[in-house]
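Below is one structure, written out as C-alpha coordinates; comments come after it.
The values are calculated or read from the model by the stated rules, or taken from the named source; none is laboratory data. This structure is a prediction, so every number in the text was calculated from the model and none was measured. Note that each Cβ is placed from the backbone with ideal geometry, even for glycine, and that neighbours are counted across all protein chains shown.
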Ligand code: PGA
(Lines give C-alpha, C1' and ligand atoms only; values in the text may rest on other atoms or scores of the structure.)
Protein backbone atom coordinates (compact mmCIF):
# COMPACT_ATOMS: atom_id res chain seq x y z
CA UNK A 1 0.00 0.00 0.00
CA UNK A 2 1.43 3.37 -0.98
CA UNK A 3 2.38 5.68 1.88
CA UNK A 4 0.51 8.99 2.12
CA UNK A 5 2.89 11.82 1.31
CA UNK A 6 3.66 14.28 4.08
CA UNK A 7 5.15 17.78 4.02
CA UNK A 8 6.84 19.01 7.20
CA UNK A 9 7.62 22.66 7.95
CA UNK A 10 10.73 23.15 10.06
CA UNK A 11 10.68 26.79 11.11
CA UNK A 12 13.94 26.36 13.07
CA UNK A 13 14.69 29.39 15.32
CA UNK A 14 12.77 31.80 13.08
CA UNK A 15 9.62 33.94 13.35
CA UNK A 16 10.20 36.15 16.37
CA UNK A 17 6.71 36.89 17.60
CA UNK A 18 3.55 34.98 18.38
CA UNK A 19 1.73 37.11 15.81
CA UNK A 20 4.18 36.16 13.05
CA UNK A 21 3.90 32.48 13.96
CA UNK A 22 0.10 32.67 13.98
CA UNK A 23 -0.03 34.50 10.66
CA UNK A 24 2.26 31.96 8.97
CA UNK A 25 0.40 28.96 10.40
CA UNK A 26 -2.99 30.43 9.46
CA UNK A 27 -2.04 30.27 5.77
CA UNK A 28 -1.48 26.52 5.91
CA UNK A 29 -4.57 24.45 5.25
CA UNK A 30 -3.62 20.95 4.19
CA UNK A 31 -4.21 17.64 5.93
CA UNK A 32 -0.78 16.36 4.78
CA UNK A 33 1.10 19.26 6.39
CA UNK A 34 2.96 19.17 9.70
CA UNK A 35 4.17 22.42 11.27
CA UNK A 36 7.16 22.35 13.63
CA UNK A 37 7.37 25.83 15.23
CA UNK A 38 9.89 26.94 17.85
CA UNK A 39 8.77 25.47 21.22
CA UNK A 40 7.53 28.81 22.54
CA UNK A 41 4.98 29.12 19.73
CA UNK A 42 3.64 25.55 19.77
CA UNK A 43 0.65 26.52 21.90
CA UNK A 44 -0.28 29.50 19.71
CA UNK A 45 0.07 27.47 16.52
CA UNK A 46 -1.99 24.61 17.96
CA UNK A 47 -4.90 27.01 18.37
CA UNK A 48 -4.74 28.31 14.81
CA UNK A 49 -3.74 25.30 12.74
CA UNK A 50 -6.50 24.19 10.36
CA UNK A 51 -6.11 20.80 8.70
CA UNK A 52 -2.40 20.23 9.34
CA UNK A 53 -0.72 18.56 12.29
CA UNK A 54 1.72 19.81 14.89
CA UNK A 55 5.29 18.76 15.57
CA UNK A 56 8.38 19.82 17.50
CA UNK A 57 11.96 20.31 16.33
CA UNK A 58 13.60 18.29 19.10
CA UNK A 59 12.96 16.67 22.48
CA UNK A 60 14.95 15.15 25.31
CA UNK A 61 15.33 11.40 25.86
CA UNK A 62 14.00 11.47 29.40
CA UNK A 63 10.31 11.97 30.04
CA UNK A 64 10.75 14.41 32.95
CA UNK A 65 13.15 15.44 35.70
CA UNK A 66 16.06 17.70 36.58
CA UNK A 67 17.23 18.53 33.05
CA UNK A 68 17.34 22.33 32.97
CA UNK A 69 16.50 23.77 29.58
CA UNK A 70 15.41 20.48 28.02
CA UNK A 71 12.00 19.66 26.55
CA UNK A 72 9.93 16.69 27.66
CA UNK A 73 8.34 14.55 24.94
CA UNK A 74 5.32 14.06 27.20
CA UNK A 75 4.85 17.82 27.54
CA UNK A 76 5.05 18.10 23.74
CA UNK A 77 2.28 15.54 23.37
CA UNK A 78 0.20 17.36 25.94
CA UNK A 79 0.60 20.52 23.84
CA UNK A 80 -0.84 18.68 20.83
CA UNK A 81 2.34 17.57 19.06
CA UNK A 82 2.06 14.31 17.13
CA UNK A 83 5.49 14.53 15.52
CA UNK A 84 9.03 15.30 16.66
CA UNK A 85 12.17 15.83 14.58
CA UNK A 86 15.35 14.27 15.98
CA UNK A 87 18.97 14.32 14.83
CA UNK A 88 18.67 17.27 12.49
CA UNK A 89 22.07 18.05 10.93
CA UNK A 90 22.14 21.40 12.78
CA UNK A 91 21.72 19.58 16.09
CA UNK A 92 24.38 17.06 15.13
CA UNK A 93 26.92 19.68 13.99
CA UNK A 94 26.25 22.70 16.25
CA UNK A 95 25.14 20.88 19.40
CA UNK A 96 27.33 17.78 18.98
CA UNK A 97 24.36 15.46 19.12
CA UNK A 98 25.46 11.89 18.37
CA UNK A 99 23.57 9.00 16.83
CA UNK A 100 23.62 7.47 20.32
CA UNK A 101 21.69 10.49 21.66
CA UNK A 102 19.35 10.29 18.69
CA UNK A 103 18.78 6.60 19.37
CA UNK A 104 17.76 7.30 22.98
CA UNK A 105 15.38 10.05 21.85
CA UNK A 106 13.78 7.78 19.26
CA UNK A 107 13.24 5.04 21.84
CA UNK A 108 11.59 7.37 24.36
CA UNK A 109 9.48 9.31 21.86
CA UNK A 110 8.20 6.27 19.94
CA UNK A 111 7.38 4.47 23.19
CA UNK A 112 5.13 7.41 24.04
CA UNK A 113 3.48 7.29 20.62
CA UNK A 114 5.08 10.28 18.92
CA UNK A 115 5.91 9.95 15.22
CA UNK A 116 9.65 10.52 15.04
CA UNK A 117 11.31 12.17 12.06
CA UNK A 118 14.89 10.88 12.09
CA UNK A 119 17.26 13.05 10.05
CA UNK A 120 20.32 11.61 8.32
CA UNK A 121 22.58 13.01 5.61
CA UNK A 122 25.98 12.99 3.99
CA UNK A 123 29.09 13.88 5.92
CA UNK A 124 30.47 16.23 3.31
CA UNK A 125 29.66 18.00 0.07
CA UNK A 126 27.33 15.89 -2.01
CA UNK A 127 29.43 14.76 -4.97
CA UNK A 128 26.32 14.34 -7.12
CA UNK A 129 27.54 10.86 -7.89
CA UNK A 130 25.20 7.92 -7.35
CA UNK A 131 28.28 5.78 -6.76
CA UNK A 132 29.65 7.94 -3.97
CA UNK A 133 30.34 5.07 -1.58
CA UNK A 134 31.90 7.14 1.18
CA UNK A 135 28.79 9.25 1.66
CA UNK A 136 26.51 6.23 1.27
CA UNK A 137 28.46 4.38 3.98
CA UNK A 138 28.13 7.40 6.28
CA UNK A 139 24.35 7.53 5.83
CA UNK A 140 24.16 3.77 6.45
CA UNK A 141 26.15 4.12 9.68
CA UNK A 142 23.95 7.00 10.88
CA UNK A 143 20.83 4.94 10.19
CA UNK A 144 22.18 1.80 11.85
CA UNK A 145 23.36 3.63 14.97
CA UNK A 146 20.30 5.85 15.26
CA UNK A 147 17.77 3.06 14.75
CA UNK A 148 19.50 0.30 16.71
CA UNK A 149 17.02 -1.62 18.88
CA UNK A 150 14.00 0.37 17.67
CA UNK A 151 10.94 -0.93 15.87
CA UNK A 152 9.77 0.61 12.59
CA UNK A 153 6.34 1.77 13.78
CA UNK A 154 6.16 5.55 14.02
CA UNK A 155 9.56 6.03 12.35
CA UNK A 156 9.93 8.50 9.49
CA UNK A 157 13.32 9.04 7.85
CA UNK A 158 14.33 12.48 6.55
CA UNK A 159 17.25 12.31 4.16
CA UNK A 160 18.91 15.73 4.26
CA UNK A 161 22.27 16.11 2.48
CA UNK A 162 24.14 18.63 4.63
CA UNK A 163 25.32 20.64 1.62
CA UNK A 164 21.71 21.15 0.53
CA UNK A 165 20.34 22.32 3.89
CA UNK A 166 19.73 26.06 3.87
CA UNK A 167 22.12 26.57 0.95
CA UNK A 168 19.73 27.09 -1.94
CA UNK A 169 21.53 24.17 -3.68
CA UNK A 170 19.37 21.04 -3.57
CA UNK A 171 20.99 17.83 -4.77
CA UNK A 172 20.17 16.65 -8.29
CA UNK A 173 16.96 14.67 -8.44
CA UNK A 174 18.71 11.57 -9.91
CA UNK A 175 21.01 11.45 -6.86
CA UNK A 176 17.96 11.82 -4.61
CA UNK A 177 16.29 8.89 -6.36
CA UNK A 178 19.37 6.74 -5.87
CA UNK A 179 19.64 7.69 -2.19
CA UNK A 180 15.94 6.98 -1.67
CA UNK A 181 16.43 3.42 -2.88
CA UNK A 182 19.69 3.06 -0.98
CA UNK A 183 17.98 4.07 2.29
CA UNK A 184 15.18 1.60 1.57
CA UNK A 185 17.77 -1.17 1.25
CA UNK A 186 19.41 -0.18 4.55
CA UNK A 187 16.02 -0.13 6.31
CA UNK A 188 15.20 -3.60 4.93
CA UNK A 189 18.42 -4.87 6.52
CA UNK A 190 18.01 -3.04 9.83
CA UNK A 191 14.43 -4.14 10.37
CA UNK A 192 14.79 -7.51 8.61
CA UNK A 193 11.85 -6.62 6.39
CA UNK A 194 10.80 -9.61 4.32
CA UNK A 195 10.85 -8.91 0.61
CA UNK A 196 10.81 -11.03 -2.48
CA UNK A 197 14.50 -11.16 -3.40
CA UNK A 198 13.60 -11.04 -7.07
CA UNK A 199 11.68 -7.82 -6.58
CA UNK A 200 13.07 -4.60 -8.03
CA UNK A 201 14.01 -2.29 -5.12
CA UNK A 202 12.24 0.65 -6.76
CA UNK A 203 8.90 -1.12 -6.39
CA UNK A 204 9.48 -2.50 -2.88
CA UNK A 205 7.35 -0.84 -0.22
CA UNK A 206 9.09 -0.73 3.19
CA UNK A 207 6.20 1.06 4.90
CA UNK A 208 8.56 3.56 6.52
CA UNK A 209 8.19 7.02 5.00
CA UNK A 210 11.46 8.41 3.58
CA UNK A 211 11.41 12.19 3.08
CA UNK A 212 13.80 14.53 1.30
CA UNK A 213 14.98 17.82 2.79
CA UNK A 214 17.40 20.48 1.59
CA UNK A 215 16.48 23.66 -0.29
CA UNK A 216 13.03 22.45 -1.28
CA UNK A 217 10.75 25.09 -2.78
CA UNK A 218 7.54 25.31 -4.80
CA UNK A 219 9.54 24.95 -8.05
CA UNK A 220 11.36 21.71 -7.23
CA UNK A 221 8.96 19.99 -4.77
CA UNK A 222 7.25 17.87 -7.45
CA UNK A 223 10.62 16.55 -8.69
CA UNK A 224 11.53 15.12 -5.28
CA UNK A 225 8.01 13.85 -4.57
CA UNK A 226 7.35 12.17 -7.90
CA UNK A 227 10.51 11.89 -9.98
CA UNK A 228 12.78 10.81 -7.13
CA UNK A 229 9.82 9.12 -5.41
CA UNK A 230 10.23 10.43 -1.86
CA UNK A 231 7.30 9.96 0.52
CA UNK A 232 7.39 13.61 1.54
CA UNK A 233 9.51 16.66 2.21
CA UNK A 234 11.12 18.43 5.15
CA UNK A 235 11.08 22.13 4.33
CA UNK A 236 13.07 24.82 6.13
CA UNK A 237 13.42 28.26 4.54
CA UNK A 238 10.44 27.99 2.19
CA UNK A 239 8.14 27.07 5.10
CA UNK A 240 8.60 30.48 6.72
CA UNK A 241 6.28 31.94 4.10
CA UNK A 242 2.88 30.34 4.77
CA UNK A 243 1.65 30.81 1.21
CA UNK A 244 4.81 29.32 -0.26
CA UNK A 245 4.56 26.34 2.08
CA UNK A 246 0.90 25.84 1.22
CA UNK A 247 1.86 25.83 -2.49
CA UNK A 248 4.38 23.07 -1.77
CA UNK A 249 1.71 21.05 0.08
CA UNK A 250 -0.60 21.48 -2.88
CA UNK A 251 1.90 19.62 -5.10
CA UNK A 252 0.68 16.37 -3.56
CA UNK A 253 -1.44 14.62 -6.16
CA UNK A 254 -4.70 13.25 -4.86
P1 LIG B 1 16.02 24.22 4.01
O2 LIG B 1 16.10 23.42 5.37
O3 LIG B 1 14.74 23.83 3.32
O4 LIG B 1 16.08 25.65 4.38
O5 LIG B 1 17.21 23.78 3.19
C6 LIG B 1 15.69 22.09 5.46
C7 LIG B 1 15.89 21.58 6.86
O8 LIG B 1 16.88 21.93 7.49
O9 LIG B 1 15.07 20.83 7.38
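Points to keep in mind about this one:
- Check on residue 247, surrounded by fewer than 18 Cβ atoms within 10 Å (Cβ to Cβ), closer than 25 Å to residue 29 by Cβ, touching a residue at least 12 places away in the same chain (Cβ under 8 Å) and within 15 Å of the ligand (Cβ to nearest atom): yes
- Options 216, 204: the member that is more than 12 Å from residue 5 (Cα to Cα) and touching a strand residue (DSSP E or B) at 6+ places or on another chain (Cβ under 9 Å): 216
- Pairs with Cβ under 6 Å, 6+ apart, first in the range 164-188 and closer than 11 Å to residue 230 by Cα and assigned to a helix (DSSP H, G or I), second modelled with pLDDT of 95 or more and away from the ligand (no atom under 16 Å from the Cβ): 173/227; 180/229
- Hits in the range 221-241 (condition: buried (at least 18 other Cβ atoms within 10 Å of the Cβ) and out of contact with any strand residue (DSSP E or B) (no Cβ under 9 Å at 6 or more places or on another chain)): 223, 237
- Of the residues making up the range 41-59, just one is touching a helix residue (DSSP H, G or I) at 6+ places or on another chain (Cβ under 7 Å), over 22 Å from residue 119 (Cα atoms) and assigned to a loop (DSSP other than H, G, I, E, B), namely 49.
- Only one entry in 75, 109 is in contact with a helix residue (DSSP H, G or I) (Cβ under 6 Å, 6 or more places away or on another chain), at pLDDT 95 or above and assigned to a helix (DSSP H, G or I), namely 109.
- Residues satisfying the stated conditions in the range 1-40, i.e. touching a helix residue (DSSP H, G or I) at 6+ places or on another chain (Cβ under 8 Å), within 16 Å of the ligand (Cβ to nearest atom) and assigned to a loop (DSSP other than H, G, I, E, B): 11, 12, 14, 15, 28, 37, 38
- Test for residue 62: is it touching a helix residue (DSSP H, G or I) at 6+ places or on another chain (Cβ under 8 Å), over 25 Å from residue 208 (Cβ atoms) and surrounded by 14 or more Cβ atoms within 10 Å (Cβ to Cβ): yes
- Verdict on residue 188 being closer than 19 Å to residue 2 by Cα, modelled with pLDDT of 95 or more and touching a strand residue (DSSP E or B) at 6+ places or on another chain (Cβ under 9 Å): no
- The residue of the range 189-204 that is surrounded by the fewest Cβ atoms within 10 Å (Cβ to Cβ), among those that are part of a helix (DSSP H, G or I) and in contact with a helix residue (DSSP H, G or I) (Cβ under 7 Å, 6 or more places away or on another chain), is 202.
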